[in-house]
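The values are calculated or read from the model by the stated rules, or taken from the named source; none is laboratory data. Treat the numbers as computed from the prediction; the structure is a model and nothing was measured. With ideal geometry, Cβ positions are generated from the backbone for all residues, glycine too; neighbour counts draw on all protein chains shown.
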Amino acid sequence: MQREENMSGNRGRSIFLKEVTIANFNVKVFEILLVLSLVALYFITRLYHLTSLPVFCDEAIYVRWAQVMRSEQTLRFLPLSDGKQPLFMWLVIPFLKIFSDPLYAGRITSAFFGVLTLSGLLVISLILGNKRQGLLSMLLYVIVPFGLFFDRMALADSQLSAFGLWSLVLSILLGKTGRTDVAMILGMVLGGALLTKSPGQYFLILSPVTIIATSMVLHGFRWRRIIWTAVLSGIVIIMGWGIYNILRLGPNFQMIALRNKDYLWPVSEIIKHPLDPFWPHLKDIFRYFWSYVTWPLLAVGIFGFVKMFFSAKNRRNAILLSAWAFLPILAQAGIAKVFTARYILFSFPALVYIVSFGIDNLLNLKIVTPPFRRRLVYFGVCLLFIPSIIFDWKMWKNPSFLPLPQDERRGYLEEWTSGWGIKDIADEIRNMNRADNIIVGTEGFFGTLPDGLQIYLEKVPRVTVIGVGYPVKTLPESLKDAKRFGNKVYLVVNRSRLEADQKEIGNLLRTYEKPGGDALLFFEI
C-alpha cells in the first residue's frame, strides 16, 4: 500500500517535471504554472485599489483628452496642441467605453502595457540563456515599487517602457536571425515608441547599434552579413520614422519640437555649463533608484553588474544591458530642464535583469554546508524584498504615507498637482438636484483643475466646469455673472492658491486636507 502511495506521489511529481517544447525552448510544466502565477500576481498588484491614489495633474489632462477625442473624431490629434504624442490617449479610448470610472480606464491602460514589460523580461532572459533569471526578473518587476507605482498611473511612461524593452528584445533577435519579418515588427515597435513620447528616439538610435553589434559578435566580421544587417537596420529606421510621421496628418505637428524646447537645454547652452544640470540630475537618478527600486535591491543590482561584467561569459550582456539602461538616462540628465522619476522609467526593465542576475548569483553562493547555505541565503534574499513590500502595501492601503522622494511627494501627494477630494466633489455635484444649471469654477485652466473635475462630470447634464485662473484673489466676475443669471454656482480651489478672504468667496461646504498641509476647498457662491 505504501509502495502504491509512493508510486502515485512520484507520478504526480513527474507531471510537474515533465518537459514541453515552446518556441524551441524546453520548459517544465511547473515553470509554465509559475509564469502564469506571476502574471496573475501582477494583475492583483496592479488592479487592487487601483484608484487609491488621487488623480495627478498629467493624468487628468490625458484622460480628458481621451474623452474629447472619443466624442469628436475631428480632434483625434488634440494632444499635438500641447506638443504631446497621442498614442496613449488613443489607447485609453476603448477602455472609456468599458469602465465608468475614467481614471480607472486610464490607469488600466498602463497596467496592460506593464504586462508587455513583464513578458519581455521573460523573453529576453530566454534569449540570453537563463530561464531562472527570467522568473526572477518577472518576480522583481511584480514587486519592486518602480514598476508598481507607474503601472498604476494613467501616464504614457509605462507604455514607453514596454516599447523600449521590446525594442531591445527584437534588436537582439534581428541581430541573431537576420530575418526581414523581425525587422518589420521592430520597426512597428519603434514607431509605437515614437508615437508615445519623444524619448523613443533613444531606442531608434540604440536599436541599429545593437543589431549590428549582435550580428558581429555571433556571426563574426563577415562583410556580406554586415551589409545585410545594415540594410535591415535601415528598414527598421525607415518604418519607425514613417509610422511617427503619421502625426503630420493632424494639425500642430510642429508643436512637438517647440514644446521639447521647454523641457530640454539647447546644445549652445549645454556647452557653456556641461556639468549643470548633468551633475544635479545624476544625484536625482540615484535618489529615484534608491526610493523606487529600494536600497537593498539597488545594492544587489550593483553586485550583479560587477559579477556580470567580470564574467567572460556574461560581459557582453553586461555592456548591452547597461547601454540600454544608462546611456539614455545619462543623456537625459545632461540636457533636461525638468527631471522626474517617470522620465527614467524606460531604463528600469534592463536594470531589473541586472538585479535578477545578482540575486541568481546570491542563490548560488556556497556557505559551509548545503542545507545551511540554502536556509541562510533564501532567508537573506527574502529580506531584500521587505522595503518593496512595505511600499506596495502603503500604495494599496494608504498612499499618503508612501516613502517617495520629497519632490515626488509634492507632485503626486501634497500640492496642487495632486487631486485629493476631486472625485468626492464630483460625486456630490452629480447627486445634486439639477433643476437649475450648475456652474463650477476652478482655479487654473488646464491640469488637475479643471480637467480632473471634468473627467468625472463629462456626461452629467446641466453642469458646466470652467477655469477662472490662479491665484484666486477675489471672486471672479464670470462666477458673479453666472450667479446673477440664477445658476447655482460653486468654486473649487486649493488653499495655497486662494488669496481672497474665504468669507468673501461664499459658503465653505467641504475641506479636503492633503498631506503636507494644503487642502482642496469647495465653496458655494
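Things to note:
- Only residues that are in contact with a Ser or Thr (Cβ under 7 Å, 6 or more places away or on another chain) and among the aliphatic types (A, V, I, L, M) were counted in the range 196-225, giving 2.
- Scanning the range 374-415 for residues that are in contact with a Lys or Arg (Cβ under 6 Å, 6 or more places away or on another chain), buried (at least 17 other Cβ atoms within 10 Å of the Cβ) and part of a loop (DSSP other than H, G, I, E, B) yields a count of 1.
- Filter result for residue 154 (crowded, with 24+ Cβ neighbours inside 10 Å, under 29 Å from residue 452 (Cβ atoms) and free of Cβ contacts under 8 Å to residues at least 60 places away in the same chain): no
- Selection status of residue 142, modelled with pLDDT of 95 or more, assigned to a helix (DSSP H, G or I) and assigned by TED's automatic domain parsing to the domain that holds residue 92: yes
- Identity of the residue in the range 96-110, surrounded by 20 or more Cβ atoms within 10 Å (Cβ to Cβ) and hydrophobic (A, V, I, L, M, F, W, C), that ends up nearest to the chain's Cα centre (by Cα): 108
- The helices (runs of 4 or more DSSP H) found entirely in the range 208-327 that carry 3 or more residues being modelled with pLDDT of 90 or more are 223-244, 255-263, 278-292, 295-309.
- Any chance residue 119 is surrounded by fewer than 21 Cβ atoms within 10 Å (Cβ to Cβ), outside the structural domain of residue 216 (by TED's automatic domain parsing) and closer than 26 Å to residue 207 by Cα: yes
- Pair list, Cβ under 9 Å, 6 or more apart: the range 290-312 residue in the same structural domain as residue 389 (by TED's automatic domain parsing) and surrounded by fewer than 17 Cβ atoms within 10 Å (Cβ to Cβ), other residue at pLDDT below 95 and of a type in the set (Lys, Arg): 309/315
- Breaking point among (1) touching a residue at least 40 places away in the same chain (Cβ under 8 Å); (2) in a loop (DSSP other than H, G, I, E, B); (3) within 18 Å of residue 133 (Cα to Cα), for residue 339: (3)
- Residue within the range 220-227 that is closer than 21 Å to residue 325 by Cα and outside the structural domain of residue 108 (by TED's automatic domain parsing) present: no
- Identity of the residue in the range 180-208, free of Cβ contacts under 8 Å to residues at least 12 places away in the same chain and more than 19 Å from the chain's Cα centre (by Cα), that ends up surrounded by the fewest Cβ atoms within 10 Å (Cβ to Cβ): 181
- Of the residues making up the range 450-466, just one is touching a residue at least 60 places away in the same chain (Cβ under 8 Å) and of a type in the set (Ser, Thr, Tyr), namely 456.
- Taking the criterion of being touching a residue at least 40 places away in the same chain (Cβ under 8 Å), touching a helix residue (DSSP H, G or I) at 6+ places or on another chain (Cβ under 8 Å) and not aromatic (Phe, Trp, Tyr), the residues of the range 412-436 that qualify are 413, 415, 417, 418, 419, 422, 423, 425.
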